[in-house]
Amino acid sequence: MKRTFETVWLILVTLTIFAFLLGYLKYISTPLVAILLATTFIKALLVIDYFMDLRNVRLKYRLIPIIWLSVTVSLITVAYYF
Amino acid sequence: MSKTLVQKEQYPPGDFAIWIIIYVELVTFALLFLGYAFSRRADVALFNESQLLLSQTSGFINTIVLITSSYFVVKAVNSIKSMTQESYKEFNTQASKWLLLAMVCGGLFLLIKISEFSYIFGEGINLSTNKFYMFYLLLTGFHFMHVLLGSIILFNIYQKTRRFGYRFNDYKGIETGASYWHMVDLLWIILFPLVYIIR
């Protein structure tokens, strides 16, 4: 628990390295784009909950950025797949 | 087994006004993100070809730099929040060191971005070159201005910590600035894969 923020930072860096490595591929397949968008969602959620410290705030204030994130990532997914 | 109930805070950290600004900024950027994504859909080949000129490495380094700066800001806020009435000097000093590191990261981000812009403009590219570059310059240019403003805010907070200005019951100012800085980080986390990686 004491190293929570270090763990969050490490996860964020790891997922960023994963995204960067995907960038080396000439063509990113559909499942990989889905995974990339899912990891982007996780990264943003970690920033909202831990760095912005909204995890211990009344739900409505936490829900606003989470709904924003869900709608944005979902519509980006729609733009790429449909 | 005993269950610990965590009392939820009534309001988000910092001044409530900053959260109104943050929510508005998030919506504004979301519209730009979606404008980019749906415009790309209409001309995938053009977007994929134009994207090749961007340096994914500088985008990647900038992401790491912003994430790390956000972490430093979290450490600074926690230093201030953990002070006692007697130890305010020690914790203000500690917070100022974390903030200095965060500002160095902010400066590094801006420098990398300036060199990227110089390269792009050097290639004769501008807002009217094509739709991809229009969105690229709007999104990253707008974000650049937010990082610049965030760095100025961090500098002001830093100066206050140097004057031992935060006390054990007065840390709303640092929380306000920190929230803005994390928003800048949050926006880049979506911008990076969208503009630099996905094709």
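A dipole drawn for chain A from +1 and -1 charges on Cβ atoms has a positive end, and of A:Phe41, A:Val73, A:Phe51 the residue lying farthest that way is A:Phe51.
Pull out a ≥ b ≥ c, the square roots of the eigenvalues of the alpha-carbon gyration tensor of chain B, then state rounded if a/c is under 1.5, prolate if not and a/b is larger than b/c, and oblate in the remaining case.
Numbers: a/c = 2.71, a/b = 1.91, b/c = 1.42.
Prolate.
Would you work out the Kirkwood radius for chain A? I mean one over the mean of 1/r across all pairs of different Cα atoms, in Å.
Values: mean 1/r = 0.0712 Å⁻¹.
Computed over chain A, the radius equals 14.0 Å.
Please work out the FRET efficiency for the pair B:Phe164 and A:Leu21, using the Cβ-Cβ distance as r and a Förster radius of 41 Å; give the result to the nearest 0.05. Walk me through the intermediate numbers first.
Details: r = 45 Å, r/R0 = 1.10.
So, using R0 = 41 Å, E works out to roughly 0.35.
Simple point charges give the picture: +1 on the Cβ of Lys and Arg, -1 on the Cβ of Asp and Glu, and for chain B a dipole about the Cα centre of about 420 debye. Pairs of Cα atoms in segment B:6-88 fall into 5 Å distance bins, from 0 up to the last occupied one, in shares of 3, 10, 9, 13, 19, 14, 10, 8, 7, 4, 2, 1, 0 percent.
Please compute the average number of Cβ atoms from other chains found within 10 Å of each residue's Cβ in peptide B:68-80.
Details: counts 3, 0, 8, 9, 1, 1, 8, 3, 0, 2, 2, 0, 0.
Per residue, the number of nearby Cβ atoms from other chains is 3 on average.
Per-residue 3J(HN,Hα) values for segment B:117-127, derived from phi via the Karplus relation 6.51 cos²θ - 1.76 cosθ + 1.60 with θ = phi - 60°, read 4, 4, 4, 4, 5, x, 7, x, 8, 9, 4 Hz in sequence order (x marks Gly and Pro). Counting only other chain Cβ atoms within 10 Å of each residue's Cβ, the peptide A:18-24 averages 6.
Residues whose amide H comes within less than 5 Å of that of B:Glu9, counting only those at least five positions distant or on another chain, are A:Val57, A:Arg58 (H built at 1.01 Å from N in the peptide plane).
Per-residue mean of foreign Cβ neighbours for B:55-66 is 3 (Cβ atoms of other chains, 10 Å radius).
Let me spell out the model: positive unit charges on the Cβ of Lys and Arg, negative unit charges on the Cβ of Asp and Glu, origin at the Cα centre of the protein assembly as shown. What dipole size does that give, in debye rounded to 20? Could the numbers behind the result be given before it?
Values: 24 positive and 15 negative charges, 123 e Å.
Here the size comes out at about 600 debye.
The radius of gyration of the Cα set in the protein assembly as shown, together with its Dmax, comes out at 19.4, 67 angstrom. For B:Arg199, A:Arg3, the sequence from fewest to most other C-beta atoms within 10 Å is A:Arg3, B:Arg199.
The numbers here are math on the coordinates, done by the rules we state, and not lab data. The structure presented is a predicted model; accordingly, all values stated were derived computationally and were not measured. Virtual Cβ from ideal backbone geometry, glycine too; neighbours counted across all protein chains shown.
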